[in-house]
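The values are calculated or read from the model by the stated rules, or taken from the named source; none is laboratory data. Since this is a predicted model, take the numbers as computed values, not measurements. Cβ placement follows ideal geometry from the backbone for every residue including glycine, while neighbour counts extend to all protein chains displayed.
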Amino acid sequence: MARKSAIPPSYYGEPHKFDPTFRGPVHNRGCTDVLCCVIFVIVILGYIVLGTVAWMHGDPRKVVYPTDSYGQFCGQQGTPNANKAILFYFNILQCANPTVLINLQCPTTQLCVSKCPDRFATYIDMQYSYRRNKSYWEYYKQFCKPGFNNPDKPVSQVLRDEDCPSMIVPSRPFLQRCFPDFITRNGTLTVANKTSFKDGHGQIRSVVDLRDAANGITSLLDAKEVGVKIFEDYASSWFWILIGLVISMLVSLIFILLLRFTAGVLFWMVIFGVIAAVGYGIWHCYWEYSSLKGKPDSDITISDIGFQTDFRVYLQLSQTWLIFMISLAVIEAIIILVLIFLRNRVRIAIALLKEGSKAIGCIMSTLFYPIITFLLLALCIAYWAVTAVFLASSGDAVYKVMSTQPDCKYTNFTCDPETFSQSNVTKLCPGSQCTFAFYGGESLYHRYIFVLQLCNFLVFLWLVNFTIALGQCTLAGAFASYYWALRKPADIPPCPLASSFGRALRYHTGSLAFGALILSVVQFIRIVLEYLDHKLKGAHNACTRFLLCCLKCCFWCLEHFIKFMNRNAYIMVSIYGKNFCASARDAFFLLMRNVMRVAVLDKVTDFLLFLGKLLISGSVGVLAFFFFTRRIPVIQEEVPSLNYYWVPLLTVIFGSYMIAHGFFNVYAMCVDTLFLCFLLDLEKNDGSATRPYYMASSLRAILNKKNHKRPEEKKKRRKQKTKGNDL
């Protein structure tokens, strides 16, 4: 049998050769990926033109204000509807569900009103009562077409011409539209304490018919109430939330600075602290589970009670605490197993972390670079959102024929409300209406609004990824300058962060844009797949669902691989100044030649940094929990009154994690850069007098490497020793 041959070292490229002129990031470099740079600049100019055109044609009022059947905005200042901010539907029974209502596709007349009706009434009853009391008409006419003031007009003609609604029902405004005021009493659905009502034709109808016409309205109203309470909680606790975030920022900064001196002790404390915290969580969940076990109504499953807006209900179930306990136990087991099998590699990771802390200590300005990234990302997000809104609101009012008759062939045909009443459509399709449908047009610009929205989103992804790439390349250049300084900090060039930022923009905009474009295309495809998956959730074709699931999985893996390769490619770009493809190839071959170190050291470092983020966000979260639940007696009186204490608590925890993530991202980029430089150092140098290692002495000790002294240095040291003995 033939013997299996090993992969030759040259399979992943030749190791880097020693270069006596190499002293860190190359200064004499040229522009890379110029074609991509030109395309990127052209795209940015086109993006500016797109935003300008959208601003010229768009009108955000079309998104902000609801629009009546005549294309007029409700509640817009300076118009007859200035004091009429709510949209009213003449016959809500003709609307299928709330989605249809919100999309303004309900086949009934829609009118702007100042308030919603608060009582049941029909036009027939109003006309009968009007002869005895004029006030009935005064109330009813505010829901009729503007200018109509003829209560004696025959009912059949009024309903035919849609002058007034055939009936009104007690409603309340939601999303600036009048919806029936549903209230559940003792499990029975009611409107104004009634379970039935009289429609416009004198027939007795059940309130259930209103619910079917506005399917899901009760859950939407509950969501609104929860939203209002959450807003109230934010309004009363924002100051304390801000204090919590400031504390997390200070803790993150102190944490990183302390790593310079006590990285090993701190990280072992982090590891055992997380183990202890998760262990306490397991004990607490078990205690809650044991306390609730056997109590009445505590054995109900979560699926039995369904979704509840009061999340405290779930904490009364034993199953909830059982799920928490099992989840925490799995996390605890994973952490302990990782520590057992990777304990020897942790020492090397800690050495890299110590060196990273020293690097940040020498270049403190790198800690504040995330502010620049945040501002650039905020600019990209704001421009994309504004452009998307203006594109969505571009176009003129389009009116379409809406008919309740299924055999009307003119349904969804465009129409003109000014001449519709004289057209043949009203004769062939009795009861049809020429109703405002949406904003659009027949011009080339209006026909391709959807395509322009896709372009807007794709360029947005490109700019966001370019901004992140610029930050990674800038930080990598600064930390590479630190590593390749033989005598630290004496040999570190002045202003390394600013110099690296200038090099990245001046020479490597094209390379950064190239890598960002590849990642953006993959992310765009992933988002499209997620959208298709959402639309096909109810599909029963197992083959389609399986194929979609496989595609989503493949592109998820591809996105994360590209992110990893881009990150390392930008490090090589910042050091050698080559184009993106050459840098990506060199980084890939270098990592593959040291695949075991990459798989263990780099990932262990990421794991330890993640534990640090977890400890910071968890510690601040525990402090916030004790504060907002009034368990700190000293400041108990300062705690604001809240509807849901978990609103500010989750905000503090999430915000603390994101702040720690921003600081640790700089730190992670530092460690990744030092790691790649460390691998290059091992390949280029051998510790001899002419090829000394640039790595720290702690790393040399772990790897059993050492730098040999130059002959003249040895001779000088021997003379000093001899002179000392003579004395």
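So which residues in the range 430-460 are modelled with pLDDT of 80 or more and in a loop (DSSP other than H, G, I, E, B), if there are any at all?
If the condition is that a residue be modelled with pLDDT of 80 or more and in a loop (DSSP other than H, G, I, E, B), then TYR448 is the only one that fits.
Is there a residue being surrounded by 22 or more Cβ atoms within 10 Å (Cβ to Cβ) and modelled with pLDDT under 95 anywhere in the range 483-499?
Yes, there is a match, as at least one residue in the range 483-499 is surrounded by 22 or more Cβ atoms within 10 Å (Cβ to Cβ) and modelled with pLDDT under 95.
For residues in the range 656-672 being touching a Ser or Thr at 6+ places or on another chain (Cβ under 7 Å) and more than 11 Å from ILE616 (Cβ to Cβ), which is surrounded by the fewest Cβ atoms within 10 Å (Cβ to Cβ)?
Looking only at the range 656-672, we keep the residues that are touching a Ser or Thr at 6+ places or on another chain (Cβ under 7 Å), and these are 656-657, 659-660, 663, 666, 671.
Checking the rest, the ones that are also more than 11 Å from ILE616 (Cβ to Cβ) come to 666, 671.
On the way: VAL666: 23, VAL671: 26.
The extreme case among them is VAL666.
Within the range 114-132, does at least one residue satisfy the condition of being more than 27 Å from CYS434 (Cβ to Cβ), modelled with pLDDT under 85, surrounded by 16 or more Cβ atoms within 10 Å (Cβ to Cβ) and of a type outside the set (Asp, Glu)?
Taking every residue of the range 114-132 in turn, at least one turns out to be more than 27 Å from CYS434 (Cβ to Cβ), modelled with pLDDT under 85, surrounded by 16 or more Cβ atoms within 10 Å (Cβ to Cβ) and of a type outside the set (Asp, Glu).
Filter the range 633-671 down to the residues that are aliphatic (A, V, I, L, M), within 14 Å of ILE241 (Cβ to Cβ) and modelled with pLDDT under 85 and list them by number.
Matches in the range 633-671: VAL639, LEU642, VAL647, MET658, ILE659.
Can you tell which of LEU623, LEU642, LEU650 is closer than 27 Å to PRO370 by Cα and over 25 Å from the mean Cα position of the chain (by Cα)? If you could, list the steps in order and put the result at the bottom.
Values: LEU642 fails: closer than 27 Å to PRO370 by Cα; LEU650 fails: over 25 Å from the mean Cα position of the chain (by Cα).
One residue alone meets the criteria, LEU623.
When you check PHE148 against the structure, is it closer than 26 Å to GLU418 by Cβ, without any contact (Cβ under 8 Å) to a residue 40 or more places away in the chain and under 52 Å from the mean Cα position of the chain (by Cα), yes or no?
Judged against the criteria, PHE148 is a match.
So which of LEU608, LEU623 is modelled with pLDDT under 80, within 30 Å of LEU257 (Cα to Cα) and out of contact with any Cys (no Cβ under 9 Å at 6 or more places or on another chain)?
Working: LEU623 fails: modelled with pLDDT under 80.
Among LEU608, LEU623, only LEU608 is modelled with pLDDT under 80, within 30 Å of LEU257 (Cα to Cα) and out of contact with any Cys (no Cβ under 9 Å at 6 or more places or on another chain).
State the number of residues belonging to the range 171-191 that are buried (at least 16 other Cβ atoms within 10 Å of the Cβ) and not in a strand (DSSP E or B).
1
Please pick out the residue among TYR89, TYR70 that is among the aromatic types (Phe, Trp, Tyr) and surrounded by fewer than 20 Cβ atoms within 10 Å (Cβ to Cβ). Spell out the reasoning first.
Details: TYR89 fails: surrounded by fewer than 20 Cβ atoms within 10 Å (Cβ to Cβ).
Exactly one residue qualifies, and that residue is TYR70.
Please specify each residue of the range 362-372 satisfying the condition of being crowded, with 16+ Cβ neighbours inside 10 Å and within 16 Å of TYR483 (Cα to Cα). Steps first, answer last, please.
The first filter runs over the range 362-372 and keeps only residues crowded, with 16+ Cβ neighbours inside 10 Å, leaving 362-363, 366-367, 369-370.
CYS362, ILE363, THR366, listed by residue number.
Given PHE390, PHE466, which one is crowded, with 18+ Cβ neighbours inside 10 Å, modelled with pLDDT of 80 or more and touching a Phe, Trp or Tyr at 6+ places or on another chain (Cβ under 6 Å)?
PHE390
Quick check: is even one residue across the range 226-233 of a type outside the set (Phe, Trp, Tyr), surrounded by 12 or more Cβ atoms within 10 Å (Cβ to Cβ) and either modelled with pLDDT of 80 or more or within 24 Å of PRO165 (Cα to Cα) (or both)?
As a first pass, look at the range 226-233 and keep what is of a type outside the set (Phe, Trp, Tyr): 226-230, 232-233.
Going one step further and asking which of them are surrounded by 12 or more Cβ atoms within 10 Å (Cβ to Cβ), we end up with 226, 229-230, 232-233.
Keeping just the survivors that are either modelled with pLDDT of 80 or more or within 24 Å of PRO165 (Cα to Cα) (or both) gives none.
No: zero hits.
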